[in-house]
1. Just checking, how many residues over the stretch 723-737 are assigned to a loop (DSSP other than H, G, I, E, B) and either among the acidic types (Asp, Glu) or open to solvent by 20 Å² or more (accessible area, probe 1.4 Å) (or both)?
2. Restricting to the stretch 679-722, name every residue that is outside any helix (DSSP H, G or I) and over 20 Å from VAL354 (Cβ atoms).
3. Could you please find all residues in the stretch 157-194 being over 19 Å from TYR264 (Cα atoms) and either touching a Cys at 6+ places or on another chain (Cβ under 9 Å) or assigned to a loop (DSSP other than H, G, I, E, B) (or both)?
4. Condition test on GLU790, is it out of contact with any strand residue (DSSP E or B) (no Cβ under 7 Å at 6 or more places or on another chain), closer than 30 Å to ASN233 by Cα, outside any helix (DSSP H, G or I) and among the charged types (D, E, K, R)?
5. Can you pull out the residues in the stretch 589-642 that are touching a residue at least 40 places away in the same chain (Cβ under 8 Å), among the charged types (D, E, K, R) and open to solvent by 50 Å² or more (accessible area, probe 1.4 Å)?
6. If I filter the stretch 386-408 down to residues being open to solvent by 20 Å² or more (accessible area, probe 1.4 Å) and touching a helix residue (DSSP H, G or I) at 6+ places or on another chain (Cβ under 6 Å), which single residue comes out as modelled with the lowest pLDDT?
7. When you scan the stretch 770-786, do you find a residue that is assigned to a loop (DSSP other than H, G, I, E, B), at pLDDT 95 or above and farther than 22 Å from GLU626 by Cβ, even just one?
Amino acid sequence: QDYLPFTMLETFRNDYKPLPYKVSNVSMNFDIRDGSTIVESELTVVPNDAAEGGDMVLDGEADALTLLSIQLNGRDLVEGIDYTLEGDTLTIPSKVLGDGTGTLVTKVEIEPETNTQLSGLYKSGTMYCTQCEAMGFRRITFYPDRPDNMAIFDSVRIEANESLYPVLLGNGNKISEGSTEGGRHYATWSDPYPKPSYLFCIVAGNLGSVKSSYTTQPSGRKVHLEVFSEPDNVNKLDYAMESLKKSMKWDEDTFGLEYDLDIYNIVAVNDFNMGAMENKGLNVFNTAYVLADPKSAADSDYERIESVIGHEYFHNWTGNRVTCRDWFQLTLKEGLTVYRDQEFSGDMMNSHAVKRIEDVRVLRARQFAEDAGPMSHPIRPESYISMDNFYTVTVYEKGAEVIRMYRTLLGKDGFRKGMDLYFERHDGNAVTCDDFLSAMSDANEVDLTQFGLWYSTNGTPTVKYESKYDDETKTFYLTLSQESNSDEPMHIPVAVGLLDKVSGKEVVPTKVLDLKEETQTFEFPGLEGDVLPSVLRGFSAPVKLVGSSEDEEKDWAFLAANDSDGFNRWGNGQSLYASLIFQTLRGEQLSESKTPEYVFEAFQRTLALDGDDYSIQAYALILPSESTLAEELEVVDPVALHKARGDVKKSIARKFQTEIRAKYDELTSAMESSGEDFKVDATSIGQRSLRNVLLDYLCAVNETPEERDAASALAMKQFESSYGMTDRYAALSCLVSMDGEESVVARREVALQKFYDDAEGDALVLNKWFRVQALADLPDVLDRVKALTEHPEFTLSNPNRCRSLISAFSVNSAHFHAEGGAGYEFMVETVAKVDKLNPQMSSRMGGSLIQWKRYGEERGASMKAELQKLADMKPISNDLFEVVSRGLK
């Protein structure tokens, strides 16, 4: 800890100790008034028999709380004698508390209106709401603010002005409400289930809603469902409600899990750091994951809403009923629940292959990068300065992959048995990742000790394979080897199928191989001819796969054409695209390479497919993203990589321009003939996705004035004729990157202005307007982004708006990393401003600079110098300091 400033102490997993005293029951009263909210808390304090003794330490952030009074068993406590208040903790000595049960009452004053951190109780527009995960409750009152203190919140009374805040919500069930003097009113809520403080929530506001009900099975409990938003947005809540009901039924059907309260409320909030929060019976959501109608939400928004609604609902059991002992175990609830929402989404879209492709694209582009950078950590981290920094793609998405591997190893029934035992053992408790592993192991009577290394090993393992066929014995040999950061070999499930090398037919269906040694050879006897292995089917483990074939591209092409596994068919096509892009990047003579031929064959075959699996077809035509490609390079030149990928896209588009246009027109006709009704079903989503991929290719043919005019005219036609946001935004994304002739520029500017005007102030649509410009491929995009920071609709204090412009620009890689380092300077200036407002946001934005070692000497030095400016900043938040200091190591 030598490098840490005084206030920034690092917390280590191995230092965990049970609390000497626990809070068993809580009653609270919130007196909400403009500029001052008084919070009175009555805590029932009991000694913890599991602890070794010690004083009671309550968390309470000094910059958020003003202590007005404190009493123990009716007696006023005296500072310096009965308690000490130092920094962000209030300590009561054990000699004052004694051995028995006590009642501790505190009264504090807080000011939600100035809480720009959006942690604790804060005001968003005309609404008060809370966000307590991970450590926000300590900004509301003094409390043992850690997940292993699970208490029953018997009574939470909320009082506020009735005309301004007619809706008062809390966890659990409402037990009373009424009017008080001075035009005020109150509501009292009670939650019968013990919960940690991070699941606490209240909301007060002028809200509209949609209502429905759901009857659970098999118990027949009728649950009142209500989704709230600002009154103007009520017409955009129906899809969220339908998604909630689908989630409730799916969890009953799939895991036998019913909802356990009489009320389930969801509230949409405009100012929110996260996506959503699973507070017991009162979920709070970022508006981006609740509000949807065809004119404001794209298909990806609809899919995310369904997924996130499901995710937060599924937390009721995997997170709320059974929670994590400490924050190092975060993946216990998040990895498991992400896996559950992925399976739910796959079932809802009726295509697990499409869902798998979507999830693995995110994993390879973002999580593999995190694994390779200075913030690399296992899914169960060993230490942190600010826990907010570990709500990461590693903990969530890689954590979900670890859960998926349990399912792969144990099978559907075995996994369900393990889940049932987990709930049977731990319902109502705060537990660890080891407890989950034990439940899976004991339920199936298998030893998963070696598999447990996934929880403690950072980085992305590599699996290499080589094979041979023995014609005499009719046996195929597949040798697998592994490399990782673990001192011991890991347990890696590798799903494999075998295809006949001549006919392409599958001769051995998918079989899961248990790779548990550094090198293992697996035998497949009884084969009448040589075969080609399809390895890591369904992406059965989060690893990098390396083959040793003499003609790897020929094998990729064969598998892309013949593999029965939808994921691997897509993946091998992606490998072909990547190979051609890297050859272009290195300046190799493509006339002597077979790669273009393989790529063109694969593209033409995919384009010519007839059927209704449009989404798979669309994904198979899309080139790997620049972030995914960058993970294959030791030193990244983002500008050169962007050009190489663009050149390959242009070459494909030019070769197949006629066929692409014919398919585009065919889809356009089919979509127009289906009528005006907007549908969010797999076929409609797939058609829109495929048509927009084709539009992107057609707009890549833009080297002459005539081509640019034709491309912009086509995109403009789609922009003007489209009813839904998906097609309008796709067309606008093409238009914003077009430059040159006056007619081309005019269409671009007209489309941007019309998109803005049509938004009519809708915050989520305006976020898209900012984002599409931040991602534009124009030489002056940084100047445009800087100008947009002065736009009256832009603010750094709203996380969604900040992400839509600043964070979006940081992933516009070729321009963010443009020579001269101006993009880095802009980012640091912005991060410094945001850190004063919202440390959770500033640390995420600062992460855009920490991979400086990967970007070559000149760029790396520039990035590091800007990173050092942040490190030297005084004051600096714990959140940002942790990211920056790790980045500079």
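The values are calculated or read from the model by the stated rules, or taken from the named source; none is laboratory data. Being a predicted model, the structure only gives us computed values, none of them experimental. Neighbour counts are summed over all protein chains in view; Cβ atoms, including those assigned to glycine, are modelled from backbone coordinates with ideal geometry. Side chains are part of the model used for accessible areas, which takes the heavy atoms of the whole protein and leaves out ligands, DNA and RNA. Shrake-Rupley method; radii C 1.70, N 1.55, O 1.52, S 1.80 Å.
1. Residues of the stretch 723-737 assigned to a loop (DSSP other than H, G, I, E, B): 723-724, 736-737.
Checking the rest, the ones that are also either among the acidic types (Asp, Glu) or open to solvent by 20 Å² or more (accessible area, probe 1.4 Å) (or both) come to 723, 737.
Summing the residues that are assigned to a loop (DSSP other than H, G, I, E, B) and either among the acidic types (Asp, Glu) or open to solvent by 20 Å² or more (accessible area, probe 1.4 Å) (or both) in the stretch 723-737 gives 2.
2. First, the residues of the stretch 679-722 that are outside any helix (DSSP H, G or I): 679-681, 700-704, 722.
The answer is ALA700, VAL701, ASN702, GLU703, THR704, SER722.
3. Pass one, the stretch 157-194, residues over 19 Å from TYR264 (Cα atoms): 159-165, 178-186.
Selection gives GLU162, SER163, LEU164, TYR165, GLU181, GLY182, GLY183.
4. Working: out of contact with any strand residue (DSSP E or B) (no Cβ under 7 Å at 6 or more places or on another chain): yes; closer than 30 Å to ASN233 by Cα: yes; outside any helix (DSSP H, G or I): yes; among the charged types (D, E, K, R): yes.
Against the criterion (out of contact with any strand residue (DSSP E or B) (no Cβ under 7 Å at 6 or more places or on another chain), closer than 30 Å to ASN233 by Cα, outside any helix (DSSP H, G or I) and among the charged types (D, E, K, R)), GLU790 qualifies.
5. LYS594, GLU601, ARG605, ASP612, ASP613, GLU632, GLU634, ASP637
6. Start the filter on the stretch 386-408 by keeping residues that are open to solvent by 20 Å² or more (accessible area, probe 1.4 Å), which leaves 388, 391, 396-397, 404, 407-408.
Filter once more, keeping what is touching a helix residue (DSSP H, G or I) at 6+ places or on another chain (Cβ under 6 Å): 388, 396-397, 404, 407.
Numbers: ASP388: 94, TYR396: 98, GLU397: 98, ARG404: 98, ARG407: 98.
Top of the filtered list is ASP388.
7. Within the stretch 770-786, the first condition is being assigned to a loop (DSSP other than H, G, I, E, B), and the residues that meet it are 775-780.
Subsequent filtering for residues that are at pLDDT 95 or above retains 775-780.
From what is left, the residues that are farther than 22 Å from GLU626 by Cβ are none.
Scanning the stretch 770-786, I find no residue that is assigned to a loop (DSSP other than H, G, I, E, B), at pLDDT 95 or above and farther than 22 Å from GLU626 by Cβ, so the answer is no.
Here's the yes/no breakdown for (1) polar (S, T, N, Q); (2) touching a Ser or Thr at 6+ places or on another chain (Cβ under 8 Å); (3) modelled with pLDDT under 95; (4) outside any loop (DSSP other than H, G, I, E, B):
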{"site": "SER807", "(1), (2), (3), (4)": "yes, yes, no, yes"}
{"site": "HIS815", "(1), (2), (3), (4)": "no, no, no, yes"}
{"site": "GLU819", "(1), (2), (3), (4)": "no, no, no, no"}
{"site": "PHE826", "(1), (2), (3), (4)": "no, no, no, yes"}
{"site": "VAL831", "(1), (2), (3), (4)": "no, yes, no, yes"}
{"site": "GLN840", "(1), (2), (3), (4)": "yes, yes, no, yes"}
{"site": "SER843", "(1), (2), (3), (4)": "yes, yes, no, yes"}
{"site": "GLY847", "(1), (2), (3), (4)": "no, no, no, yes"}
